[in-house]
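A quick write-up on the structure given underneath.
The values are calculated or read from the model by the stated rules, or taken from the named source; none is laboratory data. Small disclaimer: the values here were computed from a predicted structure and weren't measured. Heads up, the Cβs are rebuilt from the backbone with ideal geometry, glycines too, and the neighbour counts pull from every protein chain shown.
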Amino acid sequence: MEEPSVKKSPLPWWSAGIILGLIQVLAIGLTKPLGVSTEFVAANAKLIKAVDEDYVKEHPLISEEKYQKFGYGWWFNLGIITGAFLTATMIRRWKIQKTTIWWRTNHGTSVAKRFIAGFIGGFLILLGARFAHGCTSGQFASGWAQLSLSVVPFTITMFGFGMLTAYIAYPKIPKIIK
Amino acid sequence: MSSETIGFIIGSLFGAALFLGGLADPDKIIGTLRLKDYHAMRTIAVFVLVGMLGTWILEIAGVAHFSVKPAAMVAIAIGGALLGIGFGLTGYCPGTGLACAASGRLDALVTVAGMLLGAWVFILIYAGIVQPIDAIANFKKVTLPEISGIARGFWVVPIFVGGIVALVLTRKK
């Protein structure tokens, strides 16, 4: 079977970057900077509340009102899911995929291994994002937009450890269409 | 318009743009972290530069809604490292993980499940571990212009111009 290669993105980098930047400006002009990861804590807070209301009331973080309601951030994340789904469908790139090309090139076709690594990765991503008061959107992109001091240590450790991990986890390079 | 509606609209635009721009594509992200495929890095650079310039203009016009994160230097360095390891292992982050799951990637759905567990553990360890670390070297909600005393324009213009020049000089001929 022919080795799969990494495809080009639907949009070139400059136009995609301009559009993403303008969405950030729109968000800061209308409401607040882009951000995603808070709602993962909010989703948990709602589940915990259904089981043990007193725990939530006494918790120093999730007792805050923003973790209790289905507000702006919740609908923002539902929007991400909807926008990505509709776009992928419209340009005929919606496709069931269980692994990635970089993963296959380095670790073979086993889906189980990819899923295990994906689950552990997801755990670290969100735990880290909340430690850092935000993720790649809320801390990195919005931090640079606002020029916050917090974006400096975040950028160094996120890209440093990200590049190091990718270097260790993906030593072999697949064919990339440019 | 209610804030929920505005959130949904901006979120939809963001999800569409993440997908079209190739950021909601783990192969593009890993390619960039491995310094073998610069598409995602260049997209992210333009995203950041346009956001920075636009936010400065909004501030001058008096309509910017800032939400600066506290500069808890140790907690943020640790969080960035943990997120970076997950990012480099999977090629996903919270926003692109949701977008990729919505485009049919089942491994992204598994990563989103891992994120929900990560959020739960964060809640469990918040009082005992997170809060004490967050208090170390915490400069509160401060921006680079505020802490340096150098006006925002003197940050934005050199970074923006320097960034655009670097992008143009390193483009594919």
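Test A:V25 against the criterion of being part of a helix (DSSP H, G or I) and within 9 Å of another protein chain (Cβ to nearest Cβ), and give yes or no. Steps first, please.
Details: part of a helix (DSSP H, G or I): yes; within 9 Å of another protein chain (Cβ to nearest Cβ): yes.
When the stated conditions are applied, A:V25 passes them.
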Among the residues of the stretch A:31-40, is any farther than 30 Å from B:V121 by Cα, touching a residue at least 60 places away in the same chain (Cβ under 8 Å) and either among the hydroxyl-bearing types (S, T, Y) or assigned to a helix (DSSP H, G or I) (or both)? no
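If I filter the stretch A:97-118 for residues that are hydrophobic (A, V, I, L, M, F, W, C), facing chain B (nearest Cβ under 7 Å) and under 14 Å from the mean Cα position of the chain (by Cα), do I get at least one hit?
Within the stretch A:97-118, the subset hydrophobic (A, V, I, L, M, F, W, C) is A:101-103, A:111-112, A:115-117.
This time we only want the ones that are facing chain B (nearest Cβ under 7 Å), so: A:101-102, A:115, A:117.
The next check asks that each one be under 14 Å from the mean Cα position of the chain (by Cα); those that pass are none.
No, every residue in the stretch A:97-118 fails to be hydrophobic (A, V, I, L, M, F, W, C), facing chain B (nearest Cβ under 7 Å) and under 14 Å from the mean Cα position of the chain (by Cα).
Within the stretch A:129-178, how many residues turn out to be β-branched (V, I, T) and not in a helix (DSSP H, G or I)? Please lay out each step first, then the result.
From the stretch A:129-178, those β-branched (V, I, T) are A:136, A:151-152, A:155-157, A:165, A:168, A:173, A:176-177; that's our starting set.
Checking which are not in a helix (DSSP H, G or I) leaves us with A:173, A:176-177.
Number satisfying all stated conditions: 3.
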Which of the residues that make up the stretch A:162-177 are touching a Phe, Trp or Tyr at 6+ places or on another chain (Cβ under 9 Å) and either buried (at least 22 other Cβ atoms within 10 Å of the Cβ) or more than 7 Å from chain B (Cβ to nearest Cβ) (or both)? A:G162, A:T165, A:A166, A:Y170, A:K172, A:P174
Counted residues, the stretch A:98-154 - those being surrounded by fewer than 24 Cβ atoms within 10 Å (Cβ to Cβ), closer than 15 Å to B:G88 by Cβ, out of contact with any Phe, Trp or Tyr (no Cβ under 7 Å at 6 or more places or on another chain) and not small (G, A, S): 3
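Tell me, which helices (runs of 4 or more DSSP H) lie completely within the stretch B:1-115 with 1 or more residues that are of a type in the set (G, A, S) and in contact (Cβ under 8 Å) with a residue 12 or more places away in the chain?
Details: elements: B:3-20, B:26-33, B:39-61, B:73-90, B:94-102.
The qualifying helices (runs of 4 or more DSSP H) are B:3-20, B:39-61, B:73-90, B:94-102.
Residue-wise test of (1) among the hydrophobic types (A, V, I, L, M, F, W, C); (2) farther than 30 Å from B:H39 by Cα; (3) within 18 Å of the chain's Cα centre (by Cα).
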| position | (1), (2), (3) |
| --- | --- |
| A:I23 | yes, no, yes |
| A:L26 | yes, no, no |
| A:L30 | yes, no, no |
| A:V36 | yes, no, yes |
| A:F40 | yes, no, yes |
| A:A45 | yes, yes, no |
| A:A50 | yes, yes, no |
| A:Y55 | no, yes, no |
| A:Y67 | no, yes, no |
Note on A:S37: of the conditions (1) out of contact with any Cys (no Cβ under 6 Å at 6 or more places or on another chain); (2) closer than 23 Å to B:G104 by Cα; (3) facing another protein chain (nearest Cβ under 9 Å), unmet is (1)
Only one residue in B:A113, B:A81, B:A101, B:A127 is at the interface with another protein chain (Cβ under 7 Å from one of its Cβ atoms), modelled with pLDDT of 95 or more and crowded, with 22+ Cβ neighbours inside 10 Å. Which one? B:A81
